[in-house]
Amino acid sequence: MGRTNVPKGEARREAILRAALALIGERGPDAVTHRALAERAGVSLSATTYWFESKEAILQEAFLLAAREEVERVERVVLDLAPRELDLSEWATAVAAALAADLEDAPTRHIAFIELVLEGTRRPWLREEVARWETAYLQLAELGLRATGSPEPVMDARLVVGAITGLMLGQLANPQPDFEAAVFRPALERLFTGLVEPQAVPT
């Protein structure tokens, strides 16, 4: 039976990578095979082997695609907010709204990304890409913290990235109703306020 709407050229390559992310998000990296990719992407088996000679190449390129898009999503939020004079509550609201919506729209993509980050602990060549993503993510967080007046934006960036990552992971593992308003936003507001406006330590 012939296929319809089969992607061609570079579009076919991207379709294979997105199929890999879908499989990883649903069943983990072990689910990624050339045959499974061909079926999921709607391409021939020869197309998957033409673009990617090994599973390692597929995983690496899939992570690069996911990491690039993850950074771009955060970058849009930070660069949109940074030039504006917003109070900490407005920053928390905007960040929580953008990231919670993305999490709700594509939970499988986020699961795939986490799977690939963990895979980096076992594959040195992937670990390097994870490090590049982490650096970019921290730099964006630092930019946002400087805009809100953090006295220690470099260190605070690690706290913010860790908190956001942990909260989103918790929502994937144990979804909470009204996550954005009931959990994400108040947690970020409390964190931002504590970092930017720390309370004096009693002597």
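Scanning the range 86-113 for residues that are β-branched (Val, Ile, Thr) and over 13 Å from GLN171 (Cα atoms) yields THR93, VAL95.
Taking (1) in contact with a helix residue (DSSP H, G or I) (Cβ under 7 Å, 6 or more places away or on another chain); (2) surrounded by 14 or more Cβ atoms within 10 Å (Cβ to Cβ); (3) closer than 20 Å to PRO83 by Cβ in turn, GLN139 satisfies each apart from (1). Number of residues in the range 150-167 that are loosely packed, with under 14 Cβ neighbours inside 10 Å and under 15 Å from HIS110 (Cα atoms): the value is 1. For the range 42-67, a tally of residues being surrounded by 22 or more Cβ atoms within 10 Å (Cβ to Cβ), at pLDDT 90 or above and assigned to a helix (DSSP H, G or I) returns 2. Before we move on, is VAL77 modelled with pLDDT under 85, within 19 Å of the chain's Cα centre (by Cα) and either farther than 18 Å from LEU116 by Cβ or hydroxyl-bearing (Ser, Thr, Tyr) (or both)? In short, yes.
The values are calculated or read from the model by the stated rules, or taken from the named source; none is laboratory data. Keep in mind that what you see is a predicted model, and the values were worked out from it rather than measured. With ideal geometry, Cβ positions are generated from the backbone for all residues, glycine too; neighbour counts draw on all protein chains shown.
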